[in-house]
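The values are calculated or read from the model by the stated rules, or taken from the named source; none is laboratory data. Note that the structure is predicted; figures quoted are calculated from it, not measured. As a convention, Cβ positions derive from the backbone with ideal geometry for all residues, glycine included, and neighbour counts pool all protein chains shown. Heads up: the accessible areas ignore ligands, DNA and RNA and are worked out on the full protein's heavy atoms, side chains in. Shrake-Rupley method; radii C 1.70, N 1.55, O 1.52, S 1.80 Å.
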Amino acid sequence: MNDIARITEIAGEEAASLGFDLVRVRYFKGGEIGDEEHTLQIMAERPETGQLVIEDCAALSHRFSDRIDALEEAGEVLIEDAYRLEVSSPGIDRPLTRAKDFAAWTGHEARIELTELQDGRKRFRGDLVGFDAAQEMISINDDGVVYEVPFSLVANAKLILTDKLIAASRPLDVSGVDDLVEEQED
């Protein structure tokens, strides 16, 4: 048995120790190598940019792996199967997993899937109109109708890649790019 709650707790602690916010932890079967492979995906971001660069991903991967190894040596086995660890930034068309994500991305197009029917449906796609933090309700405009969707029912949600989203996304750290361009031109 895999203890995803404990894994998420540890991933959150290790992300926070590096100054990152944890976005999502997923454990699933199937991956790039084959259907039998298990993948543990940890997604995090720098609060100031909403992204991680490759060095950040490597740092979090090493910290998390070292912590899991230490816990296993102490007798606490959290993942029984062999797995591939994948640490990444959420990307532009990011998943929306936290209440603050819905508030932060108001005005952008999203796709939301619920765990149960709401207004006779489970899937919504449209512009995020707002987020009521007190009621934990998401407002989404789907084909001209604004639906109020409880955050507690969200099974899966993500932003839709649009020109507006690309324009609103903060650029990655581009320090050193000029040096790379000069090297390539030589």
Item to check | Solvent-accessible area per residue, Å², over the stretch 27-106 with all protein chains present [probe radius 1.4 Å] | outcome: 52 Å²
Item to check | For the stretch 4-88: relative contact order, % (alpha-carbon pairs under 8 angstrom, 6 or more apart) | outcome: 32 percent
Next on the checklist: Whole angstrom only: what separates the Cα centroid of the stretch 107-143 from the Cα centroid of the stretch 16-93?
Outcome noted: 28 Å
Item to check | Extension gain, E36 back to I4 (0.36 nm per residue minus Cα-Cα distance, nm) | outcome: 9.6 nm
Checklist entry - Can you give the net charge of the other residues whose Cβ lies under 13 Å from the Cβ of V25, counting K and R as +1 and D and E as -1? => result -2
Checklist entry - Quick one: how many Å² of S65 are accessible to a 1.4 Å probe, rounded to 10? => result 40 Å²
Checklist entry - Over the chain, what percent of the accessible surface lies on carbon and sulfur atoms, probe 1.4 Å? => result 49 percent
Next on the checklist: Keeping all protein chains in the complex and leaving out DNA, RNA and ligands, what accessible area do you get for H62 with a 1.4 Å probe, in Å² to the nearest 10?
Outcome noted: 120 Å²
Checklist entry - What spacing in nm lies between the two simple spin-label points modelled at D119 and V145, each 7 Å away from Cα in the Cβ direction? => result 0.7 nm
Checklist outcome for this item: Taking every other residue with Cβ under 12 Å from the Cβ of T97 and scoring Lys and Arg +1, Asp and Glu -1, one gets +3
Next on the checklist: Using helices alone, I'd like the mean residue ellipticity at 222 nm for the chain: each DSSP H run of four-plus residues gives -39500 (n - 2.57), total over residue count, nearest 500.
Outcome noted: -9000 deg cm²/dmol
Next on the checklist: Taking each pair of distinct Cα atoms in the chain once, what is the resulting Kirkwood hydrodynamic radius in Å?
Outcome noted: 18.5 Å
Item to check | P(r) of the stretch 4-88 over all Cα-Cα pairs, binned every 5 Å from zero, in whole percent | outcome: 3, 15, 26, 24, 18, 10, 3, 0
Checklist entry - Can you give the relative contact order of the stretch 107-149 as a percent, counting alpha carbon pairs under 8 Å and 6+ residues apart? => result 30 percent
Item to check | Cα lying deepest toward the dipole's positive end in the stretch 99-169, options F151, I138, I166, charges on Cβ | outcome: I166
